[in-house]
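Below is one structure, written out as structure tokens; comments come after it.
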Amino acid sequence: MNHTQEELTARLSENVTYSKKGNLNIINKEIPFEEGAHGLDPRVRSFLANETDPNARRPLAIDDLEMTRNRVEVNNKDLSKGIRSETTKFSYAEQEVTLGIYNRTDEKKPVLIYLHGGGFFERDVDVMENICKLLAQEASAVVVGVDYRLAPEHPYQEGLDDCLEAVRYIYENAGEFNVDAEKIGLVGDSVGGNIALGVHHLSKEEKWKISYIGLLCPLVDLSDVSRNTWDINHYDMTKDYDLIYQELVTMKDSLTFIQSLYLTNLEDVLLPLVSPILRKVKMTLPPVTLVTAEFDYLRIQGEEFSAQLVTEGVPVRHFEYKGMDHAFVRKLGYYPQAADAIKEISSDFLQELQK
């Protein structure tokens, strides 16, 4: 039976299971209408099996840079209804940064700063816009997407600085954007999650307060610390072995490429702004929602980071989406789990603001 996206998304919200890994409680989102099944979600399986770009299923190399940047993401839809979008620019220290502004109206709202993924080196405008629109709608917030500078032309920590200054700009111009400067949250996808944690780390002495952080399949360790303990046996590969194995190994080996693009000094992998999992003091973090995908190489480090937050007493809700691969939120409108994850983060953000 073929189900609509609405039916699939509704099923995700209605059917969850719970598990525990050490001190971490995990909320499991099962494959809709295939709860308890092993292997990939059928939509993910179809996409990976029919991938027409042979370069997409192998570790990235420097020769792939422009090809990857020029690739247009077509598996993404606008699921919002009437959300206004606009762009603006601001300058600091002779740098100019473009911001996407979503859902600015006459009504004052909380604000979420959205930091996109793409390995620190790529960005797809349409993908970011559609995610931001749905996030704005579900969170009843103004969402600001930051077009931060990209590696290797702008390595660490130039893009991170752009994002920090974007928060400063929104805070200092709250009236212009009609946002509540006391209700600021951050949402980061993949490496955007890495940057979001870096922005919070750099905000400790600032006037503003980050009230909430949502992390979607975040990269929290760019060092070899978690990579040396990573084990493929942590994944259930009793079904779809070849596709899952290729996906995991491609992601694992591509991190070396990402390191070389983002860092001019590889010793910087041990800095907490590069590998937040190594940040010694985490108790100052606000409430966090951390989303992982069952067949994402980054899932293991995401679980470890959430467990660290629990130990430090940080409120954390940890979701695992069964059958999904890395950055599944980019398939908004095709994978129902993408919309569901955005809705969960939006709901958590709103609940935190009510406390």
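Each reported figure results from applying straightforward, stated rules to the coordinates on display, with no laboratory input. What you see is a predicted model, and the numbers here were worked out from it, not measured in a lab. We place every Cβ from the backbone using ideal geometry, glycine too, and count neighbours over all the protein chains shown.
Quick notes
- Estimated FRET transfer efficiency when R0 is 30 angstrom, pair ASN28-THR284 (beta carbons, to 0.05): 0.55
- Rg/Rh (Cα only; Kirkwood hydrodynamic radius) as it applies to segment 168-231: 1.11
- Under 20 Å from the Cα of LYS89 - lysines, other chains or at least 8 residues apart: LYS133
- Directionally averaged projected area (convex hull, Cα atoms, segment 197-327), nm²: 8.4
- Relative to its residue count, segment 255-355 spans a Cα convex hull of 119 Å³ per residue.
- Cleavage-rule hits (trypsin sites (Lys or Arg not before Pro)) in segment 214-304: DSSP loop, at most 16 neighbouring Cβ within 10 angstrom: ARG227, LYS239, LYS280
- Cα-centred dipole magnitude for the chain, charges only on beta-carbon of K, R (+1) and D, E (-1), debye, nearest 20: 760
- For segment 28-45, the Karplus equation 6.51 cos²θ - 1.76 cosθ + 1.60, evaluated at θ = phi - 60°, returns couplings of 9, 9, 6, 5, x, 6, 9, 4, x, 6, 9, x, 6, 4, x, 6, 5, 4 Hz by residue, with Gly and Pro reported as x.
- Hits among lysines - C-alpha to C-alpha of LYS280 under 27 Å, sequence gap 8 or more where chains match: LYS20, LYS21, LYS183, LYS204, LYS207, LYS209, LYS252
- HN-Hα J in Hz across segment 233-247 - Karplus 6.51, -1.76, 1.60, θ = phi - 60°, x for Gly and Pro: 6, 6, 10, 7, 10, 5, 9, 6, 3, 4, 5, 5, 4, 4, 5
- Using C-alpha pairs under 8 Å with a sequence gap of at least 6, the mean separation divided by the residue count of the chain gives a relative contact order of 23 percent.
- Computing Cα Rg over 2.2 N^0.38 Å directly from the structure and comparing it against (1) 0.92; (2) 1.11; (3) 0.97 singles out (1).
- Share, in percent, of DSSP beta bridges within the chain that are antiparallel, nearest 5: 40
- Residues of segment 154-181 falling in the label zone of THR88, defined by backbone nitrogen less than 13 Å from a point 7 Å along Cα to beta-carbon, are 166-181.
- Couplings for segment 193-207, taken from phi via the Karplus curve 6.51 cos²θ - 1.76 cosθ + 1.60 with θ = phi - 60°, read x, 4, 5, 4, 5, x, 4, 4, 4, 7, 8, 4, 9, 8, 6 Hz in order; Gly and Pro are left as x.
- Note: relative contact order over segment 207-298, using C-alpha pairs below 8 Å and six or more positions apart, is 56 percent.
- In a DSSP loop and with at most 11 other Cβ atoms within 10 Å, the GluC sites (Glu not before Pro) in segment 72-103 are GLU94.
- Charge tally in the Cβ shell below 11 Å around LYS133, where Lys, Arg are +1 and Asp, Glu are -1, LYS133 excluded: -1
- Applying the criteria of a DSSP loop state and at most 15 other Cβ atoms within 10 Å to the chymotrypsin sites (Phe, Trp or Tyr not before Pro) of segment 175-223 yields TRP208.
- Within segment 71-114: backbone nitrogen closer than 17 Å to the SER46 label point (7 Å, Cα to C-beta): 74-77
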